[in-house]
Amino acid sequence: MAFEINTSKIGERIKELKKIKKLKQDDLINLTGTSRVTISNYEQGKVKPPIDFLMKLSAYYDVSMDWLCGLSDNTGGRNIETYADLFAQLQVICQECNVEISTWTEECGGFYNNSVEYYKHLRIDIDDNLLASSFEEYDEMRNLKDKHTINEHLFNLWLEDKLNTLSCDFLPKHTPAEGDLPKHTPSEDDLPF
């Protein structure tokens with residue numbers, strides 16, 4: 001049985017979100033960088049919004065993706081229960097707030113970051129292999145999109161597939177063993193002030 005996206009339900013939810021949060025069309029345009037006509041088409045259910053559009057609405061206006069897509073009647077807010085929830089929230093934070101993601105990988109024995117201006121921005125360090133590798137892939141795919149090697153549609157397909165892959169519960173928490181900790185111990189020299 002194939003799962004069908006209900007674009008009219010998503011459109012209803014976008015209109016409902018605007019009403020609940022007392023938003024104007026310009027608010028959505030400014031947040032998402034989407035044209036007025038395109039947003040109108042989303043609201044009328046004529047066009048399926050891309051996942052990154054929905055992720056921005058979800059994170060910024062504190063409603064769940066399930067609610068936006070019509071899969072739940074609970075607006076939910078920032079309930080982070082799966083890797084997909086966390087990945088989506090962090091991705092939006094990075095885009096909207098100019099935050100760098102650094103990931104700890106045992107393979108390279110340190111933090112992975114492909115940013116030239118590594119320490120000039122706020123940084124979130126991730127020490128979870130699944131989430132770390134997902135952000136490394138995200139950076140690679142975003143770079144391909146920015147260089148026009150892949151188009152927006154292909155990027156959104158990849159992102160949707162990645163979120164489906166990450167729709168699993170978090171791994172059990174454990175107390176890190178000595179070998180799990182980063183080799184570099186932060187000092188006062190590492191502080192930005």
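Only the coordinates and a few stated rules stand behind these numbers; no lab work does. The structure displayed is predicted, hence computed values, not measured ones. All Cβ positions, glycine included, derive from the backbone under ideal geometry; neighbour counts span all protein chains shown.
For the stretch 141-152, a tally of residues being without any contact (Cβ under 8 Å) to a residue 60 or more places away in the chain, in a helix (DSSP H, G or I) and exposed (fewer than 12 other Cβ atoms within 10 Å of the Cβ) returns 1. The C-beta contact set for the stretch 61-77 (first residue farther than 16 Å from residue 19 by Cα, second residue assigned to a loop (DSSP other than H, G, I, E, B) and of a type in the set (Asp, Glu), distance under 7 angstrom, 6+ apart or interchain) comprises 77/62. Restricting 5, 51, 20, 10 to those that are surrounded by fewer than 14 Cβ atoms within 10 Å (Cβ to Cβ), under 15 Å from residue 156 (Cβ atoms) and aliphatic (A, V, I, L, M) reduces the list to 5.
Taking the criterion of being closer than 19 Å to residue 60 by Cα and touching a residue at least 12 places away in the same chain (Cβ under 8 Å), the residues of the stretch 24-48 that qualify are 25, 28, 31, 32, 34, 39, 42, 43. Meeting the requirement of 2 or more residues that are aromatic (Phe, Trp, Tyr), the helices (runs of 4 or more DSSP H) wholly within the stretch 15-96 are 51-61.
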